[in-house]
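The values are calculated or read from the model by the stated rules, or taken from the named source; none is laboratory data. Bear in mind that the values here come from a model prediction, so they are computed numbers and not experimental data. Virtual Cβ from ideal backbone geometry, glycine too; neighbours counted across all protein chains shown.
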Amino acid sequence: MKIDNKTLSQAVNRVVHVGAWIPFIWLLVGYYTNDLTADPIREITLRTGKTSLILLILSLAVTPLMIWFDWKFLAPSRRPLGLYAFIYVCLHLLTFVYLDYGLQWEFIVQGIVEKRFALVGFIAWLLMIPLVITSTKAAQKRLGQRWKQLHKLAYLIGILAIVHYVWLVKNAYTQPLLYGLVLFILLISRWQPIKQRLIEGRQIVKRWTRQRKAAREKTG
């Protein structure tokens, strides 16, 4: 039995909503059970930041997956993934300004200006705000072609987030560089020559599949 795109979209959205809450719940469990390592503030900072980055990359992966496999049912999940990524970025920033700096704004501003990882992360957060504000269908309709140009900032935000992560963890580069590699693959797949080749390859596979199916039906 073939499942229609609407049903698949609803199922994927449920997974997104449930999955996005799991890291937060797990963080709360760790907090109330005193299981956040010897440096809980750094652990909260790393967890919220990593979760935000993963959700951002997943939101950026929607269009490439639609190009590669024609999975149109993924389209509605792009917005909630992006919004959850922003929520975790806000938690990440809140950890910095409240838990780490105790809302002492003079030191917060000084920390952002003097620490390059904080400055890059803050810029990425600022760039996400207009994307969140214009994430609705009404905004997309109102802005028209400008909406697509604006939301291409998501890739720049992703790059800044990777740089922020690399500078934050200092010598532990493996994970951030892996995320950077995934982001590079997603970005290069949007480049028109590569995108066209991927679409052509997908069409060739579809034709081959139809021919094989027709041949089996004929011989069966």
Over region 144-162, the set of residues out of contact with any helix residue (DSSP H, G or I) (no Cβ under 7 Å at 6 or more places or on another chain), within 13 Å of residue 130 (Cα to Cα) and assigned to a helix (DSSP H, G or I) is 146, 148, 149
Go through (1) modelled with pLDDT of 95 or more; (2) loosely packed, with under 14 Cβ neighbours inside 10 Å and name the single condition residue 69 misses.
-> (1)
Matching residues in region 100-119 - criterion: being hydrophobic (A, V, I, L, M, F, W, C) and not in a helix (DSSP H, G or I) | 103
List, please: which pairs have Cβ atoms under 6 Å, are six or more places apart or on different chains, and start with a residue in region 195-207 that is of a type in the set (S, T, N, Q) and end with one that is in a helix (DSSP H, G or I) and surrounded by 11 or more Cβ atoms within 10 Å (Cβ to Cβ)?
-> none
Tally time: how many residues in region 28-66 are in a helix (DSSP H, G or I), of a type in the set (D, E, K, R) and farther than 15 Å from residue 82 by Cα?
-> 3
Residue list for region 165-189, filter: outside any helix (DSSP H, G or I) and surrounded by 13 or more Cβ atoms within 10 Å (Cβ to Cβ) = 189
Among the residues of region 28-48, count how many are at pLDDT 90 or above and either within 22 Å of residue 72 (Cβ to Cβ) or surrounded by 17 or more Cβ atoms within 10 Å (Cβ to Cβ) (or both).
-> 6
Could you look through region 1-27, keep only residues that are β-branched (Val, Ile, Thr) and farther than 15 Å from residue 80 by Cβ, and pick out the one that is modelled with the highest pLDDT?
-> 25
Just a yes or no: is a residue in region 138-151 modelled with pLDDT of 90 or more and within 17 Å of the chain's Cα centre (by Cα)?
-> yes
Counted residues, region 67-99 - those being assigned to a helix (DSSP H, G or I), closer than 30 Å to residue 193 by Cβ and either in contact with a Leu (Cβ under 6 Å, 6 or more places away or on another chain) or in contact (Cβ under 8 Å) with a residue 60 or more places away in the chain (or both) | 12
Report yes if residue 218 is part of a helix (DSSP H, G or I), of a type outside the set (A, V, I, L, M) and loosely packed, with under 10 Cβ neighbours inside 10 Å, otherwise no.
-> yes
Pair list, Cβ < 7 Å and 6+ apart or interchain, from region 1-27 residues that are surrounded by 13 or more Cβ atoms within 10 Å (Cβ to Cβ) to residues that are in a helix (DSSP H, G or I) and among the aromatic types (Phe, Trp, Tyr) = 5/73; 8/73; 9/73; 12/73; 20/84
Number of the condition not met by residue 88 [criteria: (1) more than 21 Å from residue 132 (Cα to Cα); (2) in contact with a Pro (Cβ under 8 Å, 6 or more places away or on another chain); (3) surrounded by 20 or more Cβ atoms within 10 Å (Cβ to Cβ)] | (1)
Could you tell me whether any residue of region 190-200 is within 16 Å of residue 67 (Cβ to Cβ), outside any helix (DSSP H, G or I) and out of contact with any Lys or Arg (no Cβ under 6 Å at 6 or more places or on another chain)?
-> yes
